[in-house]
Amino acid sequence: LNRCCQELCQTLQLAQEPPFVHVRLNTAGALQPLTLSTAKNLGVLKQDGVPFLVAHALSPEAPASTRRLLRRWLLAPRSQESVHAMRQMLRAFSSDQALVLPSLHRVPPVAKVIAYITARTGTERLFRDVMDCVMGLKTLLENQRYEDLWNPLLKIVASETGLEDLPRDDFLADLDDILHLLQKWLHDTSQSDDPLADCHVSEDVETQRAVERIFESNEAFRGVASQQQELVADAYGSLKSARHELCEALREGLPPDQPGVLVYNPFDNDICFKKKPLVDSHGAHDRRGKVKKERFTTKRLEAALATYLACAKRTEAATQQALQQLCSELGGQVPALRSAVAAAELLLTAHCHASHALRSGWSLPQIGGERLDASLAPYWMDPGDAVFSHVQLESGRGAVATGPNMSGKSTLMRALGACALLANCGFLCPCKPKAVVPHYSQVVWVSAEGDRPAEGISAFGYEAMISATLLRRATEGTLALVDEFGRGTEPRAAKAAVCTLIEELSGRKTQFVVATHLHDVVDVKLRTGAQPVAWRMGIKGSSQFGNWTYQLELGVCRDSLAAQTLSHFGWPKIALDRFHALLEVEEQEGRKTDGSNDHTLALNDAKESPIEPMDEGLEVADPGEAVMEMMSSFGAASEILRLKPRDVPPAPLCAGASILYTLILRGQILYIGQSDNLQQRLQQHRQRFGERLEAVLMMPVENTSTARRLETQLQRDCQRRGMTLESNADALHRNFPIKDDMKASGAPAELRRMAQELMEMAEQLEAMEPRDG
């Protein structure tokens, strides 16, 4: 390993003795890393036609860092200790609806942070992101509200960074040191460092704008480095004097009462007069030294401009030196930085996964035992559209799954494989509550994937190669998923190969599911202790015109219904007629491998089991004084939450729950709204309002209809109290935007006015006290 590191340094022309840190990850009891074929077929790695598991385990707006971490964990699963800790974190996020995550929106990759700091090329954006991570972690580790997250988080971080232990007090001390360095060298954002300050030259808007443009273009370094540092303070002092002299030179030559006299040229990076100034002047020159047409300057202006540009470059260089010095001082905090960024990544990933998975109806199964017992659904489908299948596998026993074409055998296999993988990595799964998943040592997928002519391997040769790998590695803790094995060879040999594979896996006490169209495999008397369980995919109706139920049941399918599949995908009628004729000849001559003429699928008369609905009524919180009082008066049973502008809502409330919320904007302005995807809506509000957003008040309600009604009611109550609203469009109606609907339908303006008057009269009548009798 040391020799490899040294050769790498020679290749990259780095120092021969770099500060390499040897990290040995704890893999005790971990699921073995996935094979390439398994990772592709279970959607961990992208493959055409296979839904991407990582994308369905996280929301579309989840940061890229969360996807990278989730994919790493699925490809190379962690130890049992880390898996248990991840389950504790997800359980905390799933159960505590008021657990607001501190601001951790932009988590940079660990490798990027270390590489940029080591090379002394760190940017302000990178350091700001690191500072946000550090401040968010400090808030979480210092607040008793997050106590349930402390131990699991620190255990995983220690394991990920190769440490034996990571005490909370020591970690907090390291975070304080990092934060002190960042605050020492970075500009305090609470203090203004505006390039447009102290640059007033003219009352004319166009003339003043030309002056502002030259300062904006040359002072992009503002707001980056702290002016408390000597080298930065000196540069800023010289720049201030140069700016003052430039403004005086411009004022000196400005003719009175003439608009648009000054012009800024971004290509030449200069400012000059359009007309001759009041003092002695001459023609201005461009960057190539040629005289500009009808552009004038003065000697004082030329000198002041040259001095200003030199001071601006000096200040920019001083800013870069400050960032390089910050990189140097942070170089001694690399282990702590690695732990901090890793902790932020883990927290953000767990929160994003919990919020999205709960919305999708996923649950956290029990891990342990030797028996698989779970009701599964495809991970890429909404639970309201999916059909759940109840899967049971005893210890050391397998199943043979048969079924018609397109009935869902491979879908069931992927659902089973994804559930086993996610559960053994500590994540929520697409299954109903109370599911039990054994602790597996490996999950393996075997299927035909075509030939490899460049390697001299046929289609069946590739099947033989990956199945041989399975037989070498299979143990009692293996879950093997074998899909359509033997497609690359003739049916008799395929049948013998499938039966032999089943016997070998049974002899190793491996749990397996073999999906096949070789239906008579289940009739073969195998040399196993117990025959595999016979599964089939259900169908309703006749064998010719059946409808798939996509639900697993016990039994054997005897007809793949190939004709329906051929017809569904566009075979012409003449070809289908010939297909039926040849199939009838085969049946009459007794050439079917099972020797029977029965091609009728045993019908499934059982009804589909109802799908349990997703939990609703997730609760939230609400905010400030008068608004809080009004929201409390609505009689909702839920707690009211107050979030800071960059806080992340509790996981169960991020999406899928109906939320009534109020934004507190700068200047005591309110924005009242409702949403069933709060996290995405808040992200849009942050982009729109920026620094104007001061706080968020939120309260969960029963459903969207109630949220809309309360939104209108709250807007009206605020208006009655004289509060300023950013928008009051919904206050004009009771339930839905009548105003917009009428516009869209082309209703005349007179009708819209009458509707508004009627609504106002209704409000007045509601406010009147009822008379006795």
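The values are calculated or read from the model by the stated rules, or taken from the named source; none is laboratory data. Model, not experiment: these values are computed from the prediction. No Cβ is skipped: glycine too gets one built from the backbone with ideal geometry, and neighbour counts run over all protein chains shown. Ligands, DNA and RNA are excluded from the accessible area calculation, which covers all protein heavy atoms including side chains. Shrake-Rupley method; radii C 1.70, N 1.55, O 1.52, S 1.80 Å.
Here THR704 fits the description: touching a Ser or Thr at 6+ places or on another chain (Cβ under 9 Å) and farther than 21 Å from HIS351 by Cβ. The numbered conditions (1) touching a residue at least 40 places away in the same chain (Cβ under 8 Å); (2) closer than 19 Å to GLN320 by Cβ are all true for GLY237 except (1).
Whenever a residue of the stretch 128-149 is farther than 17 Å from ALA336 by Cα, its partners that are open to solvent by less than 30 Å² (accessible area, probe 1.4 Å) and assigned to a loop (DSSP other than H, G, I, E, B), lying with C-beta atoms within less than 9 angstrom and at least six residues away or across chains, give the pairs ASN143/PRO102; ARG145/ALA98; ARG145/LEU99; ARG145/VAL100; TYR146/LEU99; TYR146/PRO102; ASP148/LEU99; LEU149/LEU99.
Condition (residue is farther than 30 Å from THR118 by Cβ, open to solvent by 10 Å² or more (accessible area, probe 1.4 Å) and part of a helix (DSSP H, G or I)) applied to the stretch 312-331: is it met by at least one residue? No: the stretch 312-331 contains no residue that is farther than 30 Å from THR118 by Cβ, open to solvent by 10 Å² or more (accessible area, probe 1.4 Å) and part of a helix (DSSP H, G or I). Taking the residues in the stretch 505-524 that are closer than 23 Å to GLY369 by Cα and either at pLDDT below 90 or more than 36 Å from the chain's Cα centre (by Cα) (or both) as candidates, determine which candidate is least open to solvent (accessible area, probe 1.4 Å). By that ranking, first place goes to LEU505. Scanning the stretch 235-245 for residues that are open to solvent by 20 Å² or more (accessible area, probe 1.4 Å) and under 10 Å from CYS199 (Cβ atoms) turns up just one, HIS244.
When the residues of the stretch 56-75 are filtered to those that are of a type in the set (A, V, I, L, M, F, W, C) and open to solvent by 40 Å² or more (accessible area, probe 1.4 Å), the one that is nearest to ALA28 (Cα to Cα) is LEU75.
How about the stretch 637-730: which strands (runs of 3 or more DSSP E) wholly inside it have at least 3 residues that are open to solvent by 10 Å² or more (accessible area, probe 1.4 Å) and in contact (Cβ under 8 Å) with a residue 24 or more places away in the chain? Give the derivation first.
Details: elements: 641-643, 659-665, 669-675, 693-700.
Fully inside the stretch 637-730 and qualifying: 669-675.
When residues in the stretch 100-117 are screened for being touching a residue at least 24 places away in the same chain (Cβ under 8 Å) and in a helix (DSSP H, G or I), 5 of them pass.
Consider ARG487 carefully, then state whether it is closer than 30 Å to ILE457 by Cβ, open to solvent by 40 Å² or more (accessible area, probe 1.4 Å), assigned to a loop (DSSP other than H, G, I, E, B) and of a type in the set (Lys, Arg). The answer is yes for ARG487. Residues in the stretch 142-167 that are over 16 Å from ASP96 (Cα atoms), aliphatic (A, V, I, L, M) and in a helix (DSSP H, G or I): 5 in all.
Scanning the stretch 108-117 for residues that are buried (at least 16 other Cβ atoms within 10 Å of the Cβ) and either out of contact with any Cys (no Cβ under 9 Å at 6 or more places or on another chain) or under 16 Å from GLN333 (Cα atoms) (or both) yields VAL110, VAL113, ILE114, TYR116, ILE117.
The set of residues in the stretch 382-415 being part of a strand (DSSP E or B) and open to solvent by 10 Å² or more (accessible area, probe 1.4 Å) consists of HIS390, GLN392. Scanning the stretch 451-464 for residues that are at pLDDT 90 or above and either surrounded by 21 or more Cβ atoms within 10 Å (Cβ to Cβ) or of a type in the set (Asp, Glu) (or both) turns up nothing.
Quick one: MET413 ticks every box in (1) within 27 Å of GLN32 (Cβ to Cβ); (2) without any contact (Cβ under 8 Å) to a residue 40 or more places away in the chain except a single one, so which number is it? Only one criterion in (1) within 27 Å of GLN32 (Cβ to Cβ); (2) without any contact (Cβ under 8 Å) to a residue 40 or more places away in the chain is unmet by MET413, namely (2). Annotation for the stretch 556-579: at least one member residue is in a loop (DSSP other than H, G, I, E, B), in contact with a Lys or Arg (Cβ under 6 Å, 6 or more places away or on another chain), in contact (Cβ under 8 Å) with a residue 60 or more places away in the chain and open to solvent by less than 20 Å² (accessible area, probe 1.4 Å). Quick one: in the stretch 217-234, of everything that is part of a helix (DSSP H, G or I) and within 14 Å of GLU316 (Cβ to Cβ), which residue is least open to solvent (accessible area, probe 1.4 Å)? Out of the qualifying residues, it is VAL232.
Output the residues belonging to the stretch 263-286 that are among the hydrophobic types (A, V, I, L, M, F, W, C) and under 49 Å from the mean Cα position of the chain (by Cα). Give the derivation first.
Within the stretch 263-286, the first condition is being among the hydrophobic types (A, V, I, L, M, F, W, C), and the residues that meet it are 263, 267, 271-273, 278-279, 284.
Those that are among the hydrophobic types (A, V, I, L, M, F, W, C) and under 49 Å from the mean Cα position of the chain (by Cα): VAL263, PHE267, ILE271.
Going through SER375, SER407 one at a time, which residue ends up being over 26 Å from HIS439 (Cα atoms) and polar (S, T, N, Q)? So that I can check it myself, show each step before the final result.
Values: SER375 fails: over 26 Å from HIS439 (Cα atoms).
Unique residue meeting the criteria: SER407.
Once the stretch 363-381 is narrowed to residues that are open to solvent by less than 20 Å² (accessible area, probe 1.4 Å) and under 20 Å from LEU53 (Cα atoms), the residue that is nearest to the chain's Cα centre (by Cα) is TYR379. Of the residues examined, LEU126 is not one that is aliphatic (A, V, I, L, M) and closer than 29 Å to THR27 by Cα. The set of residues from the stretch 246-277 being over 21 Å from VAL205 (Cβ atoms) and open to solvent by 70 Å² or more (accessible area, probe 1.4 Å) comprises PHE267, LYS276.
Looking at ARG120, is it open to solvent by 10 Å² or more (accessible area, probe 1.4 Å), part of a helix (DSSP H, G or I), among the charged types (D, E, K, R) and at pLDDT 90 or above?
Working: open to solvent by 10 Å² or more (accessible area, probe 1.4 Å): yes; part of a helix (DSSP H, G or I): no; among the charged types (D, E, K, R): yes; at pLDDT 90 or above: yes.
Considered against the rule, which asks whether it is open to solvent by 10 Å² or more (accessible area, probe 1.4 Å), part of a helix (DSSP H, G or I), among the charged types (D, E, K, R) and at pLDDT 90 or above, ARG120 comes out as no.
Residues considered: GLU587, GLU629. Of these, the only one that is at pLDDT below 85, open to solvent by less than 70 Å² (accessible area, probe 1.4 Å), of a type in the set (Asp, Glu) and not in a loop (DSSP other than H, G, I, E, B) is GLU587.
Just wondering, is there one or more residues in the stretch 168-185 that are without any contact (Cβ under 8 Å) to a residue 24 or more places away in the chain, open to solvent by less than 70 Å² (accessible area, probe 1.4 Å), under 30 Å from ALA336 (Cα atoms) and part of a helix (DSSP H, G or I)? Looking for residues that are without any contact (Cβ under 8 Å) to a residue 24 or more places away in the chain, open to solvent by less than 70 Å² (accessible area, probe 1.4 Å), under 30 Å from ALA336 (Cα atoms) and part of a helix (DSSP H, G or I), one finds at least one in the stretch 168-185, hence yes.
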